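The values are calculated or read from the model by the stated rules, or taken from the named source; none is laboratory data. All of these numbers come straight from a predicted model, not from anything done at the bench. Every residue, glycine as well, gets a Cβ built from its backbone with ideal geometry; the counts of neighbours run over all protein chains shown. Calculation scope for accessible area: heavy atoms of the full protein, side chains included, ligands and nucleic acids excluded. Shrake-Rupley method; radii C 1.70, N 1.55, O 1.52, S 1.80 Å.
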Amino acid sequence: MKKNTDMPKTINVNTDARNASLPPSLTPEAQAFGRKLIQRFFTLNGISIAFLMDNVLILYAIRNGVPDPVVAVIASFLYLTMPFMIFGKVSLAKIGAARSWSLSWTLRYLSAAIMILAPPVSQIAPQPVVTLVIVLGAFGFALFRSMGIVCAIPLEGDVTTPGIRGNFLAGNLLRANATQILSTIFLIGVIHFRDDLWVYQLLIAAACIIGIYASRMLAHIPESHVPKASARKPLSEAIAKIIASAKIKKLIYAWCAGSAAYMMVIPFQMIAVKSGYGVSDSTAVSFSLLLMAGGIVSALVNRVIADKIGPKPILVTNTALLLICSGFWAAAPATFYSVPVGITFFIAGFCKIGILQGQSHSFLSSVKDTDRVGINMFVRIVSGAAAGIAGSVLGGGILSLVETVGVTGMDIHRFYFRFTLILLVGFVAVVSRLEDS
């Protein structure tokens with residue numbers, strides 16, 4: 001990467017030298033440089049995610065003969081690997097937040113590259129070996145994300161001040177969603193023109209190359225000694241502070257409720273469209289675009305209002321708006337109408353990004369910078385478990401229960417969302433107990 005001459009001379013960006021003596025705080029110039037690098041990272045990372053996450057990964061696994069139950073497990077790796085955040089904490093304490101995030105993200109995309117080998121392996125090995133190649137690549141892709149994400153919030157907090165934090169966090173989500181939606185449009189066009197396995201291999205390879213390049217930027221972000229010192233604190237100390245603080249406990253409850261809310265709505269909207277109405281794959285993917293478009297609008301709105309009204313109204317409002325989506329599906333018409341369905345996806349995307357931005361903003365506003373690493377890790381592990389349980393165990397359990405009693409067709413999804421409406425009311429109540437920051 002070409003050295004940036006805008007870097008303030010008071011901060012040494014040599015990653016080996018700076019690790020030995022991190023400054024007690026960053027100058028405004030160093031903070032501005034750090035924000036610029038993080039913004040570039042989110043912009044490029046959105047492209048990589050579009051080519052690797054969700055639809056592409058699932059389609060690629062299916063095309064390589066991976067059994068459906070294993071595909072379901074692969075889809076849950078994002079949450080199942082959350083406990084590996086503890087290794088991210090260890091790495092952060094040793095080499096700092098920027099280098100640790102960079103290393104984890106580089107290993108993430110190197111792991112994803114393993115999946116490119118699946119088609120040639122299928123020529124010389126039985127199907128279980130091919131499945132193992134996909135599983136290992138997907139697992140590493142999720143695992144190293146969990147390790148690296150520990151560094152994100154402490155580093156974002158280090159390069160911002162309270163007056164600009166909400167705008168900065170919303171801007172990062174905006175950049176990631178904008179490049180992701182543009183990349184997804186490109187992806188749809190490519191697959192529509194040609195959907196051979198080698199096309200998927202090229203897309204994954206491109207995602208890995210861009211992702212590794214973006215990861216290298218992270219290593220040059222200036223940081224103070226605060227994230228590293230925070231990571232060296234034992235996890236037991238973070239847990240003790242959580243137990244002693246009613247405010248942080250409410251924050252965790254709100255974070256879990258918000259994550260569970262969108263997990264119980266968004267994936268099951270797609271299931272209802274595909275299984276309930278039986279639309280084509282291309283139509284289903286088009287609703288993913290509306291989901292991302294809603295996220296972009298949400299990020300734009302939050303950039304304007306986040307620092308003025310604070311995180312709590314954003315969290316409460318966006319969690320509550322999911323009731324509109326659930327209400328529509330609870331009374332979904334027998335005939336498929338693209339416009340109202342598209343509106344629900346747009347609203348759901350708007351709400352998800354609003355919830356994510358509100359969660360990060362409320363955390364940075366509620367937790368001292370010296371305590372962020374341990375508490376952030378604990379919050380993410382717990383909220384990840386809540387989202388995973390909500391989506392796979394609770395949501396899947398409700399669907400199975402409805403099917404067991406003999407309900408069929410679109411009625412399955414209507415009954416599911418009627419249950420979800422009740423749960424969402426409870427989630428809104430939990431988020432509403434969050435204390436003002």
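Rounded to whole numbers, the Karplus 3J(HN,Hα) couplings from phi for the range 287-292 are 6, 4, 5, 5, 4, 5 Hz, using 6.51 cos²θ - 1.76 cosθ + 1.60 with θ = phi - 60°, and x at Gly and Pro.
The stretch between V407 and L117, if pulled fully straight at 0.36 nm per residue, gains 100.2 nm over its current Cα-Cα span. A DSSP coil position with no more than 13 other Cβ atoms inside 10 Å describes none of the chymotrypsin sites (Phe, Trp or Tyr not before Pro) in the range 112-208.
Farthest towards the positive end of the charge dipole of the chain, among the residues G294, Y109, I242, is the Cα of I242, using unit charges on the Cβ of Lys, Arg, Asp and Glu. Pairwise Cα distances in the range 232-295 exceed 15 Å for 68 percent of all pairs. Take the convex hull of the alpha carbons in the range 55-193; its mean projected area over all directions comes to 10.1 nm². For L136 and I389, a Förster radius of 30 Å and the Cβ-Cβ distance give a FRET efficiency of 0.75, rounded to the nearest 0.05. Checked against a 25 Å cut-off, the cross-linked pairs K36/K241; K308/K368; K89/K308; K308/K352; K94/K250; K89/K241 give Cα-Cα distances beyond that limit for K36/K241; K89/K308; K94/K250.
Quote the charge dipole size of the chain about the Cα centre in Debye, to the nearest 20; the model charges only the Cβ of Lys and Arg (+1) and of Asp and Glu (-1).
I would put it at about 1120 debye.
For T27 and R418, the difference between the fully extended length at 0.36 nm per residue and the C-alpha to C-alpha distance is 135.5 nm.
Principal axis extents of the C-alpha atoms in the chain (largest first, rounded to whole Å): 66, 56, 37. In percent, rounded to a whole number, the relative contact order of the chain is 24, using alpha-carbon pairs under 8 Å and six or more apart.
For a quick check, take a GNM of the chain with Cα springs below 10 Å and name the residue from E156, E223, E29 with the largest mean-square fluctuation. Maximum fluctuation in the GNM of the chain, among the listed residues, is at E29.
Taking every Cα-Cα distance in the range 180-326 and sorting them into 10 Å bins starting at zero, the pair-distance distribution P(r) comes out as 8, 21, 29, 28, 12, 2 percent.
Principal axis extents of the Cα atoms in the range 302-437, from largest to smallest and rounded to whole angstrom, are 54, 30, 21. Helices in the chain, meaning DSSP H runs of at least 4 residues, each add -39500 (n - 2.57). Divided by all residues, the mean residue ellipticity at 222 nm is -26000 deg cm²/dmol.
In whole percent, how big is the carbon plus sulfur part of the accessible area of the range 171-225, probe 1.4 Å, protein atoms only?
72
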